[in-house]
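Got a structure here, written out as structure tokens. Questions coming.
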Amino acid sequence: MLGTGAVVIGLFVLFIVAVAWFRRPQSTEVNKIGSIAGVLRPDPISQAVLNGAIDTEAKTATIALVEGGRTVGEAQRGEKDGKPFYEFKIALPDIDREAWFYEVWLVRPLPYGFFSLGEMVSSEEADFVLEWEGEEGKEYAAYVDVVVTRQEYGGSRDPQMHVAKGTFGK
């Protein structure tokens, strides 16, 4: 009986210690910054911009097919009459023009964004072409990637099947 009482008292003391240990306040690690320089350090994405990984000055882009990577055309950008302009001439695969059309998109990698320049039309040389003029005073230089999609008439207005792509400065 004395042994059983000692075991019960021991278990009771162990229970009290365990409850006290679980109820103790959790220590939180405070991450103090030694100086403002630690906060202002650029992250990898902004560092890529600072190092010139994105060429916002290039005036031409080579356009290649997504499948196979064969070069099929070129894009030009610049300024006409104080307004930004883009011109595309691309030899894309033939499509059923009653059901499908090709659309050109400009993509800004940082911060990510994109917009449509519109539907391409056929030229006399059987290439697909597009001339687009931007708004005066609006800046498009950060939109360095070009994507050409095949869109279905009456389908979604979002980019559909990527057919060709290119980057200004590459």
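Where in the stretch 77-164 are there trypsin sites (Lys or Arg not before Pro) that are in a DSSP coil and have at most 16 other Cβ atoms within 10 angstrom of their Cβ?
ARG97, LYS138, ARG157
Within the stretch 55-112, which GluC sites (Glu not before Pro) sit in a loop by DSSP and count at most 10 neighbouring Cβ atoms inside 10 Å?
Within the stretch 55-112, the qualifying GluC sites (Glu not before Pro) (loop, at most 10 other Cβ atoms within 10 Å) are GLU57, GLU67, GLU98.
Just tell me which lysines come within less than 25 Å, Cα to Cα, of LYS170; anything on the same chain fewer than 8 places away is out.
LYS59, LYS80, LYS83, LYS89, LYS138
Which of the aspartates and glutamates could a cross-linker span from LYS165 if the Cα-Cα distance has to be under 13 Å and same-chain partners fewer than 8 positions apart are dropped?
Those aspartates and glutamates meeting the cut-off are GLU67, GLU74, GLU103, ASP145.
Of all chymotrypsin sites (Phe, Trp or Tyr not before Pro) in the stretch 86-137, which ones are in loop regions per DSSP and have a Cβ with at most 16 other Cβ atoms within 10 Å?
Loop-located and lightly packed - TYR112.
Let me ask you something else. I need the semi-axes of the equivalent ellipsoid of the stretch 56-167: take the C-alpha gyration tensor, multiply each eigenvalue by 5, square-root it, list largest first in whole angstrom.
Values for the stretch 56-167, descending: 22, 15, 15 Å.
Let me ask you something else. In debye to the nearest 20, how big a dipole does the stretch 56-167 give about its Cα centre with +1 on each Lys and Arg Cβ and -1 on each Asp and Glu Cβ?
With Lys and Arg at +1 and Asp and Glu at -1, about 380 debye.
Bear in mind that the values in this text are calculations on the coordinates, not laboratory data. As the structure is a prediction and not an experimental result, all values here were calculated from the model. Neighbour counts are summed over all protein chains in view; Cβ atoms, including those assigned to glycine, are modelled from backbone coordinates with ideal geometry.
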